[in-house]
1. Given a cut-off of under 8 Å on Cα pairs at least six residues apart, what relative contact order in percent is computed for the chain?
2. So, for the chain, what is the accessible surface per residue at a probe of 1.4 Å, expressed in square angstrom?
3. Between I40 and D19, what is the FRET efficiency for a Förster distance of 22 Å, r being their Cβ-Cβ separation, to the nearest 0.05?
4. For N84 and E11, calculate 0.36 nm times their separation in residues minus their Cα-Cα distance, and state this gained length in nm to one decimal.
5. State the label only: which of (i) 118; (ii) 150; (iii) 95 corresponds to volume of the Cα convex hull per residue in Å³ computed from the shown model?
6. So what is the 222 nm mean residue ellipticity for the chain from helices alone, if each DSSP H run of at least 4 adds -39500 (n - 2.57) and you divide by all residues, rounding to the nearest 500 deg cm²/dmol?
7. Of the heavy-atom accessible surface of the range 3-88 (probe 1.4 angstrom), what whole percent is carbon and sulfur?
8. Once phi is turned into θ = phi - 60°, what whole-Hz ³J(HN,Hα) does the Karplus curve with 6.51, -1.76 and 1.60 give for every residue of the range 60-71, x standing for Gly and Pro?
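The values are calculated or read from the model by the stated rules, or taken from the named source; none is laboratory data. Computed from a predicted model, the values in this text were never measured in an experiment. Here Cβ is always computed from backbone atoms with ideal geometry, including for glycine, and neighbour counts include all displayed protein chains. Accessible surface is based on the protein model in full, side chains and every heavy atom, while ligands, DNA and RNA are left aside. Shrake-Rupley method; radii C 1.70, N 1.55, O 1.52, S 1.80 Å.
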Amino acid sequence: MVNGNGGLLTEFRHGEIPDKHNFPIRNRIVAGLSDAIIVIETGSKGGSMITAELANGYNRDVFALPGKSTDVKSAGCNQLIKSNKPSC
């Protein structure tokens with residue numbers, strides 16, 4: 001935190017529109033700065049999956065919570081666990 005007011009870390013110019021294709025770039029920064037990533041809920045192609053893959057590539061710990069096999073929003077977590085990608 002900067003003086004208790006928060007902070008911002010970005011590669012984009014001030015006023016840049018938060019387009020969908022910019023989020024994976026932001027996820028790269030999050031994965032690189034984090035000691036570990038915890039994926040609680042994501043689809044099989046959700047943004048959290050991108051972050052988890054990047055974190056694995058950076059040798060960061062990745063944790064995933066299992067969910068119902070019939071729940072679309074648990075598919076990504078279950079996929080990470082099945083592929084043995086998360087650390088726990």
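1. Details: 119 pairs, mean separation 22.4, N = 88.
That works out to 25 percent.
2. Numbers: 6500 Å² over 88 residues.
Roughly 74 Å² per residue, with all protein chains present.
3. Working: r = 25 Å, r/R0 = 1.14.
For R0 = 22 Å, the calculated efficiency reads 0.30.
4. Working: separation 73, 0.36 × 73 = 26.28 nm, distance 3.18 nm.
Between N84 and E11, full extension yields an extra 23.1 nm.
5. From the options (i) 118; (ii) 150; (iii) 95, the structure gives (i).
6. Numbers: 3 runs with 30 residues, N = 88.
Mean residue ellipticity at 222 nm (helix-derived): -10000 deg cm²/dmol.
7. Values: 3400 of 6220 Å².
The C+S portion of the solvent-accessible surface of the range 3-88 is 55 percent.
8. Rounded to whole hertz, the list is 8, 6, 10, 10, 9, 9, x, x, 4, 5, 8, 8.
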